[in-house]
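This report refers to the structure that appears directly beneath it.
The values are calculated or read from the model by the stated rules, or taken from the named source; none is laboratory data. Because the structure is a prediction, the values reported are computed rather than measured. Glycine gets a Cβ as well: all are built from the backbone with ideal geometry, and neighbour counts include every protein chain shown. Areas reflect the complete protein model, heavy atoms only, side chains present, ligands, DNA and RNA absent. Shrake-Rupley method; radii C 1.70, N 1.55, O 1.52, S 1.80 Å.
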Amino acid sequence: MGSCCSHSHASFDGMSADYKRRLWAVIALNAGMFFVEMTAGQMARSQALQADALDFLGDALTYGLSLAVIGASVTWRTNAALAKGVSLSLMGLFVLGMTVYRVVFVGVPEAEVMGVVGVMALAANLASVLLLMRYKDGDANVRSVWLCSRNDAIGNVAVMLAAGAVWATGTGWPDLVVAAAMAALFLSSSWQIVTQALAEKRAETAAAAE
């Protein structure tokens with residue numbers, strides 16, 4: 001996982017018709033999979049599926065925010081990236097809290113549903129990653145989109161592994177472990193986004209002072 005801090009304020013800022021088209025497609029994929037995974041997660045009693053569904057929702061909302069500030073000033077773009085970083089932190093803390101709750105009131109999730117939905121979500125996330133691959137290096141606003149897409153792909157591989165472990169062990173602990181790991185991934189990505197956005201703010205302030 002590379003650091004975001006190496007990108008300057010002159011990085012790609014999203015001003016490309018091709019990038020915007022790709023971003024719209026990714027928003028549609030994420031919004032659709034949120035409803036699919038949240039419903040399936042509740043039916044299967046899977047915290048990992050529901051955590052991943054929240055990631056889809058967060059991505060769809062933040063990608064919309066990314067579109068809204070494309071072409072705006074550096075201040076607006078970095079503020080949007082900071083907002084996304086904070087939202088990822090809140091999402092990570094929420095998933096951690098729900099995981100603790102499930103440890104106390106644990107029920108064994110349905111591994112079959114986890115596996116099937118995990119495959120669907122992975123396909124959607126891989127499509128998103130491929131759509132955005134050429135734009136993964138950019139300013140904090142663009143970079144945050146890439147990190148969220150990458151998180152989804154990693155999360156769905158983890159959900160599928162959890163489904164196999166739940167089936168093999170007959171317990172819900174693998175599901176809880178994966179949910180906690182995904183929460184940690186949210187917090188790590190939040191740190192990267194916020195760090196890059198603050199660096200870009202400092203660079204813009206220094207440039208304006210010259």
Hey, could you check the range 166-210 for residues that are without any contact (Cβ under 8 Å) to a residue 24 or more places away in the chain and either under 30 Å from Phe12 (Cα atoms) or small (Gly, Ala, Ser) (or both) and say which is surrounded by the fewest Cβ atoms within 10 Å (Cβ to Cβ)? Glu210
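A quick yes/no check of all residues on (1) in a loop (DSSP other than H, G, I, E, B); (2) at pLDDT below 75; (3) within 19 Å of the chain's Cα centre (by Cα):
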| site | (1), (2), (3) |
| --- | --- |
| His7 | yes, yes, no |
| Ala10 | yes, yes, no |
| Phe35 | no, no, yes |
| Ala48 | no, yes, yes |
| Leu54 | no, no, yes |
| Ala60 | no, no, yes |
| Leu82 | no, no, yes |
Keeping to the range 123-159, report how many residues are open to solvent by 30 Å² or more (accessible area, probe 1.4 Å) and at pLDDT 85 or above. 5
